[in-house]
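Data block below; observations after.
What follows draws every value from the coordinates through simple rules; no lab data is involved. Just so it is clear, the structure is predicted and the values come from calculations on it, not from any experiment. FYI the Cβ positions are ideal-geometry reconstructions off the backbone, even for glycines, and counts take in every protein chain you see.
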Amino acid sequence: MTSRRTRERLVQRLREQGIANEEVLATLIETPRHIFIDEALSHRAYEDTALPIGYNQTISQPYVVARMTELLLEGGPLGKVLEVGTGTGYQTAILAHLVDQVFSIERIRPLQEKARKRLQRLKMHNVMLRHTDGSMGWADQAPFDGILVTAAPREVPAELLEQLAVGGRLVIPVGDEHQTLKRVVRINEDEYKTEILESVRFVPLLSGTVR
Ligand code: SAH
């Protein structure tokens, strides 16, 4: 139930749903999702669905993880990437396979601690984690070639736009009840191009932190 074979079947379904980046699909085959989920639910790890992870949060649906990663990578290889909303660390692990360095922020400390252990277990050494409110980004490490946000704000935070490198891209769910996935590309110092891609459902991006 948690074998590579099961992941191959999941990836075949994602391919049928339009995920086309073979590098992303190969990474989903390589990366166990069940270790990011509490044992009581791990038998459902390879269903294409979001699952509860405690603290009112969820691990994202595999389709959404694959889609957001593919959208982020479309412009070519990425150096530094910021993730806002580490959660279980599953999306973090996928990114860490595909880009040079991942900086990931989580506001709920116990979730971050679990993610840290899982990422260590997978020997992901190109990941830095930080416990803070990610809507401010990570100014010390900016600019980023890519920013991926896995919780939905009502509007794109200005700090994240500022921390994008020129040519860099931000993939982010935006909205309240009705959310859409947006991709913002920084064209030059002052100009950004926004694409509105598809309907999604994420937990809200919240301010402050939980210890
Ligand atoms: N990428 C995760 C998805 C987790 S759900 C995964 O693959 O499992 C979204 C996460 O964003 C939650 O853990 C939530 O606590 C976190 N989050 C919400 N608002 C945040 C904020 N302002 N800063 C950092 N993390 C935030």
remark   = Of Gln163, Gln12, Gln61, the most mobile residue in a GNM of the chain (C-alpha springs, cutoff 10 Å) is Gln12
ask   = Is there a pair in Lys80/Lys193; Lys117/Lys182; Lys117/Lys193; Lys123/Lys193 whose C-alpha atoms are over 29 Å apart, and which pairs would that be?
value = Lys117/Lys182; Lys117/Lys193; Lys123/Lys193
task = Kindly express, to the nearest 10 degrees and within the range 0 to 90, the angle between helix 4-16's C-alpha long axis and the longest C-alpha principal axis of the chain.
result = 50 degrees
request  = May I ask for the longest run of the chain untouched by GluC sites (Glu not before Pro) that are loop-located per DSSP and have at most 10 neighbouring C-beta atoms (other than their own) within 10 Å?
outcome  = 1-154
request  = Could you work out which residue, out of Ser60, Ser104, Ser199, moves most in a Gaussian network model of the chain, that is, has the largest mean-square fluctuation with Cα springs under 10 Å?
outcome  = Ser199
